[in-house]
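As structure tokens, the structure follows; a few thoughts come after it.
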Amino acid sequence: MTTSGNRILMCPPDHFSVEYVINPWMAGNEDALDIDRARHQWNRLRETVARYAEIVIIDPHPDLPDMVFTANAGVVYGNKAIASHFMPKERRAEEPIFKQWFRDNGFELLKLDEKIGFEGAGDCLLDRTGQWLWTGYGFRTEIEAHAEIQEFFDIEVVSIRLTDARFYHIDTCFCPLTDGFLMYHPPAFDYESRLAIETRVPPHKRIIVDTMDAGNFACNAINIGDRVILHRASEALKARLMLAGFEVVEVRLTEFLKAGGSAKCLSLKLDEPVWPK
Ligand code: ARG
């Protein structure tokens, strides 16, 4: 598999910790991290992803324990990017750093209205057939951001309402896969959003993830070609993915689950192609 045109942004966990609680997974995990294990797990993830993509590193910052979750830096589409404006104040100091990074790396940035919450690729996922952006709202991104995203990127935004606080970013419960497949956990969405999903993704392309797998962050996967890199999946889910032509690569990420994130949250795709209309 070629790695060209496939860059992924990651941030080493040198200063990773659980110091505050901004999602339900973090509660009770303050001081529960094994930082050596976190480093080891992150390195294994980096090595695994590096087989299929080129890794780009952004330097960590001593005061920003969640900066390791680069999916929340912003979202990229072609040479444009929208940097995040975090809902929890605890992560707002990451914003200028990521903005600067996008500018230094040649992305045209949207000036998103500062009053609007938006948490980047954590809540904004390109359908892998390139037709639209699945965009979450309800916890960490506000629906007011959706129109701005659609206009700036000039691509349809499909608004998906998240209803379960454990699945507070769309990338925790929803993962578009190559050739229009979709791995997702239906109870995390409201009725209208499930309908929006079902009208766009035909039944044979929907891969339903149960509560157990969703709790193991199976939907928080990095998909590159036919590989699906994730923390853990049940044999049943692996078999279902295999039938659809995918191969699962497991990398243990227990320490990051304690902060409410897993493989996908630890990565940001930098080469999202603009598809011809
Ligand atoms: N502790 C981080 C937060 O609550 C985890 C972020 C996970 N990122 C993601 N893309 N789901 O913001």
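If you take the square roots of the eigenvalues of the alpha-carbon gyration tensor of the stretch 128-168 and sort them as a ≥ b ≥ c, do you get rounded (a/c under 1.5), prolate (a/b over b/c) or oblate? The shape class here is oblate. Taking square-rooted eigenvalues a ≥ b ≥ c of the alpha carbon gyration tensor, is the stretch 162-254 rounded, prolate or oblate, where a/c under 1.5 means rounded and, failing that, a/b exceeding b/c means prolate? Note, shape of the stretch 162-254 comes out oblate. Dipole size in debye (nearest 20) for the stretch 194-271 around its Cα centre, Lys and Arg Cβ +1, Asp and Glu Cβ -1? Dipole about the Cα centre, nearest 20: 180 debye. Take the alpha carbon atoms of the stretch 18-39, find their center, do the same for the stretch 209-277, and report the distance between the two centers in whole angstrom. When both Cα centres are located, 21 Å separates them. Annotation: amide H-H contacts under 5 Å for GLU142 (H modelled 1.01 Å from N, sequence separation of 5 or more, or interchain): GLY117, PHE118. Please give me the summed charge of the neighbours of GLU90: other residues whose Cβ is under 13 Å from its Cβ, Lys and Arg +1, Asp and Glu -1. Result for the neighbourhood of GLU90: -3.
Ordering LEU64, MET10, VAL75 by Cα displacement along the dipole of the stretch 1-91 toward the positive end leaves VAL75 in first place; charges were set at the Cβ atoms of Lys, Arg (+1) and Asp, Glu (-1). Estimated from helices alone, the mean residue ellipticity of the chain at 222 nm is -6500 deg cm²/dmol (sum of -39500 (n - 2.57) over DSSP H runs with n ≥ 4, per residue).
Shape verdict for the stretch 13-87, please, from the Cα gyration tensor: rounded (a/c under 1.5), prolate (a/b greater than b/c) or oblate. Oblate is the answer for the stretch 13-87, as a/c is 1.5 or above yet b/c matches or exceeds a/b.
Would you please state which residues of the stretch 233-247 a label at THR178 would reach in this model, taking the label point 7 Å out along Cα→Cβ and a backbone N cut-off of under 20 Å? Taking a point 7 Å out along Cα→Cβ of THR178, the residues of the stretch 233-247 whose backbone N falls under 20 Å are 233, 237-247. Counting Lys and Arg as +1 and Asp and Glu as -1 over every other residue whose Cβ lies under 12 Å from the Cβ of HIS40, the net charge comes to +1.
Taken about its Cα centre, the chain carries a charge dipole of roughly 640 debye when the Cβ of each Lys and Arg holds +1 and the Cβ of each Asp and Glu holds -1. Modelled label positions at GLU151 and ASN43, each set 7 Å beyond Cα in the direction of Cβ, lie 4.8 nm from each other. Only Cα pairs under 8 Å and 6+ residues apart enter the sum, and on that basis the relative contact order of the chain stands at 22 percent.
Given their separation in residues at 0.36 nm each and the Cα-Cα distance between them, MET212 and HIS15 gain 67.9 nm when the chain is fully extended. Here VAL249 sits with roughly 20 square angstrom of accessible surface, probe radius 1.4 Å. Given a Förster distance of 25 angstrom, what is the FRET efficiency for LYS111 paired with LEU64, based on the Cβ-Cβ distance and rounded to 0.05? Calculated value: 0.65.
Label sites at GLN131 and ALA32, each approximated as a point 7 angstrom past Cα along Cα to Cβ, lie 4.1 nm apart. When the listed pairs LYS115/LYS258; LYS99/LYS258; LYS205/LYS277; LYS80/LYS269; LYS89/LYS264; LYS111/LYS258 are checked against a 24 Å cut-off, the alpha-carbon distance exceeds it for LYS115/LYS258; LYS99/LYS258; LYS111/LYS258.
Rounded to the nearest 20 debye, the dipole magnitude of the stretch 1-80 is 560 debye, with +1 charges on Lys and Arg beta carbons, -1 on Asp and Glu beta carbons, and the Cα centre as origin.
The values are calculated or read from the model by the stated rules, or taken from the named source; none is laboratory data. A quick note: this is a predicted structure, and the numbers were derived from the prediction, not measured. In this analysis, Cβ positions are derived from the backbone assuming ideal geometry, glycine residues included, and neighbour counts consider all displayed protein chains. Note: areas computed on protein heavy atoms with side chains; ligands, DNA, RNA excluded. Shrake-Rupley method; radii C 1.70, N 1.55, O 1.52, S 1.80 Å.
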